[in-house]
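Each remark here refers to the structure printed beneath this line.
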Amino acid sequence: MKNNCNEVVALGTGTSTGIPMIGCSCKVCCSDNPKNKRYRTSILLKTSSNKTILVDTTPDLRSQFLENNIVDCDACIITHEHADHVHGIDDLRPLTFAKQSPIPVYTYDLCADHLREKFPYIFKTKDHFKNKAVLGGGIPKLELHSIEQDSKILGEDFEFFLLPHGHTKTLSFIHKKFGFAVDCKTIPRPWIEKLKASKLDLFILDCVKRDPHQTHLHLDAALEIAKEVGAKRTGLIHMGHELEHEHMTQELNGLDFDVFPLYDRQILTYGE
Ligand SMILES: [Zn+2]
Ligand SMILES: [Zn+2]
């Protein structure tokens, strides 16, 4: 990796079912094009200071790490508590075996409460094992940290904002010249302005389907936001099986700004 260069690895670019979806025989689910095979949405940041930060722990985490030769993770950000974003968290266990201290997991307070409820053996360990020993393969050593606006992760500056996503909220962030916003129905005006002012090299944005969706951005809404934010490049993520990679690439090529569908294992860069 070049100096002063930060990388994003797209570990998964698919919606909550993953693509192909079990039992579906649509054109995209049956496609031979590897770019139409999408794990659940997650990215890995490799910073210019050589830190690796995982964003979300999907049910596909084990395959995502193996297929991308990822052997370490210095910190983790959880955007929200939905199954497709957190149900692979136990697969961080082997990464914690050799570590002296737990991997810090950053999220917002309400999401941290959900994680304690969902995974008491990881996040309420003392209570959970009050009258019994930890036997067998052990537990992943993870430690919840609550983010505040402008909080630092491993010494790196992040700015966070909560986006509306149905009954919950999703953590969006800016790190240097990169912005990330998944699982959101819209992006409120103050955060749009902040994203614009950050003159992003790269923006990764939610886009679940063509028609409007109750809790996600659909294609037209995502394109409108991407155009206004004005990043040098915008990659669309969390895509469902209506969105065929090649068709979408060609369709978006005709626009007067750089926006494209991401694919699994794609690597992109952004500056300081
Ligand atoms: Zn999701
Ligand atoms: Zn399908």
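The values are calculated or read from the model by the stated rules, or taken from the named source; none is laboratory data. Just so you know, these numbers come straight off a predicted model, no measurement behind them. Cβ coordinates were reconstructed from backbone atoms using ideal geometry, including for glycine residues, and neighbour counts include every protein chain displayed.
Couple of notes before you dig in:
- Considering D74, D84, D60, D90, the condition of being acidic (D, E) and within 14 Å of H145 (Cβ to Cβ) is satisfied by D74 alone.
- I192 satisfies every condition listed in (1) of a type in the set (V, I, T); (2) over 17 Å from the mean Cα position of the chain (by Cα); (3) within 14 Å of ligand 1 (Cβ to nearest atom) except (3).
- P94 within 17 Å of S63 (Cα to Cα), surrounded by fewer than 20 Cβ atoms within 10 Å (Cβ to Cβ) and away from ligand 1 (no atom under 16 Å from the Cβ): yes
- Identity of the residue in segment 236-272, free of Cβ contacts under 8 Å to residues at least 40 places away in the same chain and aromatic (F, W, Y), that ends up nearest to C184 (Cα to Cα): F260
- Scanning segment 23-46 for residues that are over 14 Å from the mean Cα position of the chain (by Cα), more than 8 Å from ligand 2 (Cβ to nearest atom) and part of a loop (DSSP other than H, G, I, E, B) yields G23, S31, D32, N33, K37.
- Of the strands (runs of 3 or more DSSP E) lying entirely inside segment 77-179, the ones with 2 or more residues being modelled with pLDDT of 90 or more and in contact with a Phe, Trp or Tyr (Cβ under 7 Å, 6 or more places away or on another chain) are found at 142-146, 159-165, 168-175.
- Top-ranked residue in segment 1-22 [being within 14 Å of ligand 2 (Cβ to nearest atom) and assigned to a loop (DSSP other than H, G, I, E, B); ranked as nearest to H82 (Cα to Cα)]: S16
- Considering segment 1-22, the residues that are among the polar types (S, T, N, Q) and within 16 Å of ligand 1 (Cβ to nearest atom) include one that is farthest from the chain's Cα centre (by Cα), namely T17.
- In segment 185-235, the residues that are without any contact (Cβ under 8 Å) to a residue 40 or more places away in the chain, in a strand (DSSP E or B) and surrounded by 19 or more Cβ atoms within 10 Å (Cβ to Cβ): F203, L205, D206, T234
- On the stretch given as segment 47-64, residues that are within 14 Å of the chain's Cα centre (by Cα) and either farther than 22 Å from F178 by Cα or surrounded by fewer than 18 Cβ atoms within 10 Å (Cβ to Cβ) (or both) total 3.
- Within segment 167-190, the residues that satisfy the criterion of being charged (D, E, K, R) and closer than 19 Å to G230 by Cβ are K176, K177, R189.
- Sole residue being touching a strand residue (DSSP E or B) at 6+ places or on another chain (Cβ under 8 Å) and of a type in the set (D, E, K, R), chosen from D84, D90: D84
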